[in-house]
Each structure stands twice: as C-alpha cells, then as structure tokens.
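To start, the structure itself, in structure tokens.
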Amino acid sequence: MRKKGLRFVMVCMIITIGALGMLMASGAKESVVEAPPVTITVWKGSWWNNQAPVVEAAFNATHRNQVDIQAYPFEGLVEKYVVSIVGNQAADILAVDNNMLPLLINEGLLLPFENVEKSDFSGAIWDAASKDGKLYGIPFRADTSGVFYNKDMFDAAGVAYPKENWTWDDFLDIAIKLTKGNQQYGFGISGSAAAATDFEAEVLPMIWAFGGDIIRDNKMVLDEQGAIKGLQFWVDLANKHKVSPAGAVNYDNKDYIEFFLNGRVAMMMGGSNVIPMLKEKAADIDWDFAPVPGKSKGFGVAYAIPVSCKNPEAAREYIDWFTTPEILSEYTIRMPARATATNNPPWNDPMYVKVMNAAVDSKSPPLNPRWVEIRAMMIREMQKVLTGQTKSVEEAARIMTQQGNTMLGN
Amino acid sequence: MRKRKLRYKILITLGILLICLYSLLPIFWVLSTSFKQPDVIFSDPPQWIPKNPTFDNYKTVIQNPAMIQYFKNTVIISLSSTVLSVVIAVLAAYGFSRYKFRGRSVFLGMFLFSRILPRVSLILPFFIILRNIRLLNTHLGMIIVYIIIGLPITIWLAKGFFDKIPIEIEESAILDGCGPLTILLRIIVPISAPAIGAIAMYAFILAWNELLLALILTLDISTQTISIGLSYYKLEFGISWGNLMAGSVLMSIPAVIVFIFFQKNLVDGLTAGSVKE
Amino acid sequence: MKTRYQGYLFILPATILLVLLMVYPMWKTFTYSVTDFKLIGNSSTFVGLQNFKAVMARYDFLNVLKNTLIWVVVTVFFQFALAMIVALFLNVKFRGRAVVQIIALIPWTIPSVVSGNTWKWIFQTDFGLMNALLRQIGLGEFVQPWLSQPKMAFFSVLFAAIWQGYPFLMIMLLSGLKGIPEDQYEAAMIDGASPSQRFRYITVPNIKNIIVIVITLQIIYAWNTFDIIFVLTGGGPGGATEILGLFIYKLGFSAFNFSEAAAVSVLLLAFVIVILMLRNFLTKKETGTIYEKKKITL
C-alpha cells in the first residue's frame, strides 16, 4: 500500500512536471490541464476475492482512472470500516450492507450522492441507503429471504407444493404434515444469537403478516396485537407444534442447510446466495423456491463513499460504471439490485428470477440506527421464551418494548 | 517395590492417555476433516477416519499463491515480536525485580492495562497511532502492537520468576565487580531459562494466531497474516471446512516446531548446581 | 541515587512502548466515558457520569455482571486446576514426556476461527459430533442439546474455553516448577516427607508468586473472553452466556455507543487499580530490592 502510494506520488509528480513543462512551452496560452488519473480503492466482503481481479481488469481497460479492489473477511468488517473512516484511511468506496447502512449514515460517516434516479433499483436496499430524502449508497446487490423446499419430501408425504398466495396458516399446515417425530422436520426456526439476520428473516415477515410492526415513529410497537401474534406464531412452530428441531434456539441457516441436504427438513429459509450452493450439493434433491407468505424481508448491499474519500468524483465514476445494468449483470457475483440487470446468465435462470420477483416486493427491516442493537435484544428475549425462562410471548413483548424504547431514547 | 513400580507405571500411562485424549479429540476431527472430500465432510453418522482420504484440501491451500505471502508475513511478524518481547520483558522485569524507584508499582500496574482494556477501546486508538507514526500496514507496526499486547504477561511472569531467585548469587557477583547487565545475562537469564521459554512461547503464539487486530491494522497482502488468510475460507454461506482444516493443520506445524525449540529450555531448567555456582 | 536511574533504564524500552501505544488509548477511553462521543467531528460535550449511569441502568447489565463473575471464577478455577495437575504430571520424569508436553500444548496452536467453529460442530445438537459419538458407543441416553439449553450452553462454552486456555496456564506453571531447585526436594526426601507434604511445603511456596500472577492475568483475560463465545452461542440462549467481553463489543459495534463501552472499560480499570493498590498495601514489606536494600553502589 505504501509502495503503491509512493509510486502514485511519483507518477503524479512526473505528470505534473510534464504538464508544467508543456504549459511553459506553449507559452502563456490558456489551456485546461486534465486532472491526472487516480487509482480508487474499493473494499468488499471476502467472497469477492476471486472476482475482484476480473472486475478490476474490466474497469481498468476502459478507463483512465484505475481501480483496486480489496476483499476482506466478513468478521470484523464493521470495525474495519468504522475505524478506517474515522482514521481517515478508508477506501474510496465501501460495500455496505443494509444492516450497516443506517448506522454509518446516522454517525455521519458517509457522503450523500447527488442525482441518482431510483429507476429500477430494488426497493428495500434503496430505502436502507436513504435518509431524509438523501441517498447514501447506490445498491448493487438486492436479495430477499424465501422458502426453499424439498419437493421429494412433499411428494412422499402427499402434500401439495406451496401455492402462489399461500398464508402462514398454509405454511404451518404443510410443516405439520412434513414433520415425523424427531427424524424429520417441516421447518427449522433460526433462534441463534450468532446469526441475527437469519432470525429477522423469519420473524419480521411473520410480524408483518399479522398486521404488526416493530418500530413506528421511533417508538417500539412490539406490544401491539399483530406483533404479538407474529412472535407467537414463530415460537409455536418450535414449542407447540414442534415442527422445528430441538436445538433451534441455537441454530441458524447454516445448520438448516445440513438438515436440508440430508433430507431432514422440508423447508428452509434462504436468499439467492443459497441457489448455487444447492445446485452444487443438492443435485439429487428436487427442490424449489417459494416466496414467504406476505411481505418478505429484503436485504442487499450498496456502494457508499465514506467522508474520508479523497476522490469522490472518481469513486462515483466507478460506482456508476459498475451499477449500469449491462456491467452489473455481467460482473456481479450476487443477485443484482436492478431489475434490468438480469438479462444474461446466471441471473436469467428461472430460479433467480423467482427470488428476484420476491425481492421486488420485499420490505426492509426497520431503518432505525438502533435496529441492530434492538434486534440482538429481541433475540435474547425470544430465546428466553423458547427455553421457557419467560412464561409468555406477551410478557416478552412487554419487556422488549420497554427495553427497545430505552435504546431509542424514549 | 516391584508392585509400587508397576502402579507408578500404570498411573503415568493413564495420565498420558488422559492428557492426549483431552487435548487431541477436537484436533483429531480437524485432521480427519482436512483429508476428506467435500461430499463426506457432513456424512451422518460421521466418518471418524476418512474412507477415501484425499490431499486435495492441502493442495488447494498450498497452491494458493497468497498463502505463501501470508506465511512469510506471519513468520516475520511472529518471530520478530517474540524476540523483541523477550528482550524487552526480561530487561523490564529485572528492573522491576531488583530496583526500587519512584513509581515502580504504578508502572508495573500500567503494564497490565493493555490486557484490561477490551478490544473495542483499543483498536481505534491503535489505528490512529500507527497511522500517525506511519506504521499502518507494516510489519513493524504489527510487531510493536503484539509486543505491547503481550507485555503484561511477559513482564509480570518474568518478574515473578526473577523475584524467586535468591539475591545472594548476585551479591557475590557484584562484589566480583560485575555490572547489572552482565549479571542479568550471565546469571539471571541462564537460571530463568524455563520462564523465558514459556514467555517466548506465549509471545509467539499470540502473534501467530491473532486475527482481529491484524484485520484492522493491515490493509493488503503485503502484511496480512495467515489467520486472515484462513478466515477467507469462512464464506458468506457456511465454511469451506476441508480447506479451513487443512490450512489450520499447516498453520499449526510451524507453531509446534517453535514449541519444540523452546521446550528445551523447559526440560533443561534450573538445577541445583547452577544456583550454587 | 545512581541505582535509581539504572532501574529506569531497564524498564525504558518497555516504557517507551507503553507511552507510545497505551497512554493515548487510556486517555481516549477516559474522555469517551465522560463525553457523548461522536465518531466524526469534535462536537462531543462533557456529560459527567451520565454514561456510567446509562450503562448500569441497562436491563441486561446485572445479568452480564453475574454471568461474568461466575464465568471468571469457574474458568479460572478449572483452567488452573487442570493446568496445575498437568504441569505437576509433566514435571515427573518419564519416557516420552517431551512428546506429551507438546501434545498438551497443541490446543494453543489452533487459531480461534478453527477451534471455535470446530467446538460448535462438536456441540451441535442434531449433527454434532458429541451426540453422534454418544449414539455410536451406545450412550444414546446422554445425548444433549449442548448449546440450546441455557445452563448446558454455559457449561459447553466453558468446556471449550478451558480446553483453549489451559495450555497457556500449564506452561507458565510448568516453567515455575522447573525453577524449583532440586536439592530442596532431595533434602525433603531424606527427611522422609510424603509427596503431599513436599507439594505443600516446597512446591507451593516456591511457585506462589507465579500462581498469583498467573491467576491475576487469567482473571483479566477471562472477563474479556470474546471469540469462542461469539462463535458458539453469540451470548445466547437468552443471554445465558453473555459476559462482559461480548457485552462491550456489542455496545461498541452493534449499538455504536462508544461512550458507554468506554465507561465499562473505565470501571474495569478502576477495579483492577483498586485490587493492585490493595495488593501493594498488603505486601509492601515483602518487596525486596537488592541494589537498594543492601546499599551496594554499582
């Protein structure tokens, strides 16, 4: 990095001297000196490690400015971003997911974008990147969690596949029919505190479907009937109907993938990133995707420019390039955030199209900067219900509302 | 007499078995998984010993060109910080153990602070300091960070050990006209070989395995360590177990070699003779 | 007079590092804890003890303190007991000792990303190795939801933490044992002292200060435990495994409440300072310093 910086400074100096020389040679003649090319840096999650050189090559071949993409392990990424922005050493562009966006925006760590059209960008991640009418991130990935189901298990039990407008009651019905003691489960709930996004992908749609919400006008509303019903439905899956395995309180999607691959769970939650994995590992299973009943939880990742960025214009140039539909469709390795970026493989695959259609109709988790904290608290309290430490969901809802309000500063 | 000897032997064997079992059970699984094809890693019931062992995971790890660079960085950072830690800690511990000066206990207490402060309170200031002294994303920067993180243990332990060494030996050396540095090097350090071996092991493993400070304080492959390299096998969705386990085994081998090296200090520790000299 | 400066000279390299790297974080932690710290800009204002009050008023704070206390006592006790037993055992001469010694240290060489996830795999309820093993050897009735039941989860995490942490303690204690002059044991043997007497009257007094130091350091380390809990349970179920290390982390990087995180750090520092002062006060007479006491000028 330092070497690169040195080389960069030297290149700059040579160019400046050259430009000055030319200026002098051309006398006092007025001329606009074009800014020297710059190298902009991009930070992303580790799964971009292999794709990064491909994207770099494509951009660098067609642009005067150059790009350098670094992929970092997801562990500690929030810390890395925050510390580097505050320490004034962050990359020019950061890939920020919908969880992190409200936090970073609220702390004033990101620069707003001017003149971006909503056009065909997916809603949930677009909302997560917006605050008070300003946009702080340009989405490149959009996704939603839906139900992946094992058709073979449905057939074996003589259960019809999920219909288009199924309800959570239909879901429960199916789950009960597909559960056989502790050998096979209809569904698995994600109660683990180590995987908060898996928890929210199940609980939020249930709360929404029963007419409830979590935060309204900066106030907790978990103690309203709709929310309580939604939470009760989630708890009942494990405790009352026992369609979910015994370890559910500490399980997440990664556990259920193993259940799914072993034919021990008929339905599991997941986003489009599950598709390539299932195509590879579940070749002997006939599986399909169905959107969750009602609104699903949308998520995604956007490119953001931190306040410490040295070349906002050049950074914008790269972001605009990467998020043009054709480029995005060709170079991204996760489901694109634009409806028109899906004309070529693999994004035109019917399975992706199904998830994509569900994503269009998805809803963002609460856009409150305190949401991550509130979510962790909710998991803790809901785990207590699952393990019987808290007697009822109503009691838990009361506690969560009270604690959430404290976190919100009410 | 013979009976007692037999009982003794049985006890020793039992002890060995228990220690090995406890320490190695999870390791056994790490090893076993590292030789498995992806499709049998999660087989149920588990394949304790892989039926068709493969070296593919090891090949993938070794053939990854980045791994060589991670390895090089880790070796540079760990070995340097180990050597420097031991030198700095032995000097400081001797000072604390044998001199009385103003603020001694305050300083001694202050050395604990890098261990008391949680990571959240350390990373931002560390980042800003390293940036200001231009050591961000450098080997030297990581080395000094690991030294300071390790100092509470290295200094306190060395001091604890030095405190126990009877001062009479030193007094006679002083009368012979030896300076304090000579005494430290010629008398104290040889006697304290076990303690120095132990703190060296600690300093080494600290830098060798540390992940979170390394993640924040390095920027690219020129300084990233193996633990970062390994965490790339933690994917967005699940873990690339075969590779992670193979990488972990490969990463442990040099650490074991270093342990073997320092272990000599532990075996040939203090004997009656060396004190009386 | 001169000797005093020599003392400073010995600790100089360490002190330079301390000043360079620790004074600033200490100062920052202190200032964050009494201001409403903002990440960007200098607009933070002095708020007195408000952050301390706020953090203590948190619903789960008492629970976390309680868990931390139990966690620290139990981990340190078991790690120490196990480490002591193994160290004593490895201090006995037998064939293959060097190999056993290395084997006992191997858990230490496994990076926490691997050990944490492996333990999670072992303790997983349905596909976990532990339960599979129990079923295979016909002990199916002992199958447990290791991480999904609050009390059990606490002990499972503890078990993994002890496994991960005991080699360090063991090697420190072993180094202390190796430092005991053998003639002391020989003399005791001649006097006909039993093994337990030798342990009590020779071993313990000789490594007493190492024991105190190791336990002190391990207590500090234990309350900052983070990695293994984060991977195994994330603090669940229902906060059963949430201890200070995790709590402060969440305050910082989930809640972005760096002021309250700093307040907890300051409380921890204050706690340690009080303990140290107490210790100094109690052991003042013991601290011997040859270069001063014996009035030898160098």
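FYI, it's all coordinate maths here, none of it is from the lab. Predicted model only: the values in this text are computed from it and were never measured. We place every Cβ from the backbone using ideal geometry, glycine too, and count neighbours over all the protein chains shown.
Sort C:Y185, C:Y32 so the one with the fewest other Cβ atoms within 10 Å of its own Cβ comes first.
C:Y185, C:Y32
Using only the Cα atoms of chain A, what are the Rg and Dmax in Å?
Just the Cα atoms of chain A yield Rg and Dmax of 24.2, 90 Å.
Among B:I10, B:T54, B:S23, which residue has its Cα positioned farthest towards the positive end of the charge dipole of the stretch B:1-54, with +1 placed on the Cβ of Lys and Arg, -1 on the Cβ of Asp and Glu, and the dipole taken about the Cα centre?
Checked the options; the winner is B:I10.
Calculate, in whole percent, how much of the Cα-Cα pair population of the protein assembly as shown lies beyond 37 Å.
Above the 37 Å cut-off, the protein assembly as shown has 53 percent of its Cα pairs.
Normalized C-alpha radius of gyration of the stretch B:61-276, against 2.2 N^0.38 Å?
Details: Rg = 19.9 Å, N = 216, 2.2 N^0.38 = 17.0 Å.
My calculation over the Cα atoms of the stretch B:61-276 gives 1.17.
Based only on other Cβ atoms within 10 Å, what is the fewest-to-most ordering of C:T241, A:T179?
With the fewest neighbours first, C:T241, A:T179 line up as A:T179, C:T241.
Using the Kyte-Doolittle scale, which helices in chain A average at least 0.5 and also have C-alpha atoms spread 27 Å or more along the helix axis, with helices defined as whole DSSP H runs?
On the way: long enough: A:2-25 (34 Å, 1.30).
The answer, listed by residue number, is A:2-25.
List the residue ranges in chain C for DSSP H helices whose C-alpha atoms run 20 angstrom or more along the long axis and whose Kyte-Doolittle average is 1.6 or above.
For chain C, where a helix must reach 20 Å along its axis and average at least 1.6, the hits are C:61-90, C:258-283.
Under a point-charge model restricted to the Cβ atoms of Lys and Arg (+1) and Asp and Glu (-1), what is the dipole moment magnitude of chain C relative to its Cα centre, in debye to the nearest 20?
820 debye
For chain B, return all DSSP H helices satisfying: extent of Cα atoms along own axis at least 30 Å; mean Kyte-Doolittle hydropathy at least -0.5.
B:2-34, B:65-98, B:139-164, B:241-267
Answer rounded, prolate or oblate for the stretch A:47-147, using the Cα gyration tensor with square roots of eigenvalues a ≥ b ≥ c: rounded when a/c is under 1.5, else prolate when a/b is larger than b/c, else oblate. Display every interim value, and only then the final one.
Details: a/c = 1.34, a/b = 1.19, b/c = 1.13.
Rounded is the answer for the stretch A:47-147, as its axis ratio a/c remains below 1.5.
Per DSSP H run of n ≥ 4, the term is -39500 (n - 2.57); total these for chain A, divide by its residue number, and report the mean residue ellipticity at 222 nm rounded to 500 deg cm²/dmol.
Values: 16 runs with 181 residues, N = 410.
Calculated from helices alone, the mean residue ellipticity at 222 nm is -13500 deg cm²/dmol.
Estimate the FRET efficiency between C:M189 and B:T13 by the formula 1/(1 + (r/R0)^6), using the beta-carbon distance for r and 25 Å for R0, to the nearest 0.05.
With a Förster radius of 25 Å, E is 0.55.
Take every Cα pair under 8 Å in the stretch A:211-304 that's 6+ residues apart, average their separations, divide by the length, and report that relative contact order as a whole percent.
Here the relative contact order equals 12 percent.
With +1 assigned to the C-beta of every Lys and Arg and -1 to the C-beta of every Asp and Glu, and no other charges, what is the dipole magnitude of the stretch A:240-394 about the Cα centre in debye, to the nearest 20?
Numbers: 19 positive and 17 negative charges, 158 e Å.
The dipole magnitude comes to about 760 debye.
Arrange the following residues from fewest to most other Cβ atoms within 10 Å of their Cβ: B:M67, A:M268, A:M277.
In order of increasing Cβ crowding within 10 Å: A:M277, B:M67, A:M268.
Taking +1 at the Cβ of each Lys and Arg and -1 at the Cβ of each Asp and Glu, which of A:F121, A:V147, A:W43 sits farthest along the dipole of chain A towards its positive end, judged by Cα position relative to the Cα centre?
Value: A:W43.
Compute the Cα gyration tensor for the stretch B:1-127, then decide on rounded, prolate or oblate, letting a ≥ b ≥ c be the square roots of its eigenvalues: rounded whenever a/c is under 1.5, prolate when a/b is larger than b/c in the other cases, and oblate in all that remain.
oblate
Nothing charged except the Cβ atoms of Lys and Arg (+1) and of Asp and Glu (-1): what's the magnitude of the dipole of the protein assembly as shown about its Cα centre? Round to the nearest 20 debye.
4300 debye
Which lysines, on any chain, are close to B:K164 with Cα under 30 Å apart, when same-chain ones fewer than 8 places away are left out?
B:K164 reaches B:K100, B:K264, B:K276, C:K2, C:K93, C:K178, C:K208, C:K284, C:K285, C:K293, C:K294, C:K295.
Using the charge dipole of the protein assembly as shown (Lys, Arg: +1 at Cβ; Asp, Glu: -1 at Cβ; taken about the Cα centre), state which of C:W27, A:A397, C:P195 has its Cα farthest towards the positive end.
C:P195
Rounded to the nearest 5, what is the percent of antiparallel bridges among the DSSP beta bridges in chain A? Present the calculation step by step, with values, prior to reporting the outcome.
Values: 27 of 39 bridges.
Bridges in chain A that DSSP calls antiparallel: roughly 70 percent.
In Å, what Rg and Dmax follow from the Cα atoms of the stretch B:86-213?
In order Rg, Dmax, the Cα atoms of the stretch B:86-213 give 16.7, 52 Å.
Does chain C classify as rounded, prolate or oblate by the C-alpha gyration tensor (a ≥ b ≥ c root eigenvalues; a/c under 1.5 gives rounded; else a/b over b/c gives prolate, otherwise oblate)?
Cα axes put chain C in the oblate bin.
Tell me, what is the percent relative contact order of the stretch C:61-241, built from C-alpha pairs under 8 Å that lie six or more residues apart?
Worked out over the stretch C:61-241, it gives 35 percent.
By the scheme Lys and Arg +1, Asp and Glu -1, what is the net charge of all other residues having a beta-carbon under 12 Å from that of C:D60?
So the environment of C:D60 carries a net charge of +2.
Anything over 21 Å Cα to Cα? Flag those among B:K51/C:K120; A:K219/C:K66; A:K151/A:K354; B:K234/C:K38; B:K51/B:K234; A:K44/A:K134, in the order listed. Numbers along the way, then the final one.
Values: B:K51/C:K120 24 Å; A:K219/C:K66 30 Å; A:K151/A:K354 16 Å; B:K234/C:K38 33 Å; B:K51/B:K234 25 Å; A:K44/A:K134 23 Å.
Flagged as over cut-off: B:K51/C:K120; A:K219/C:K66; B:K234/C:K38; B:K51/B:K234; A:K44/A:K134.
When you take every Cα atom in the stretch B:1-54, what is the radius of gyration, and what is Dmax, the widest Cα pair distance, in Å?
17.5, 56
Using modelled backbone amide H atoms (1.01 Å from N, in-plane), which distant-in-sequence or interchain residues come within less than 5 Å of A:T39's amide H?
HN-HN under 5 Å from A:T39: A:Q66.
Label-point separation (nm) for A:S119 and C:Q197, each offset 7 Å from Cα along Cα-to-Cβ?
The two pseudo-label positions are separated by 9.2 nm.
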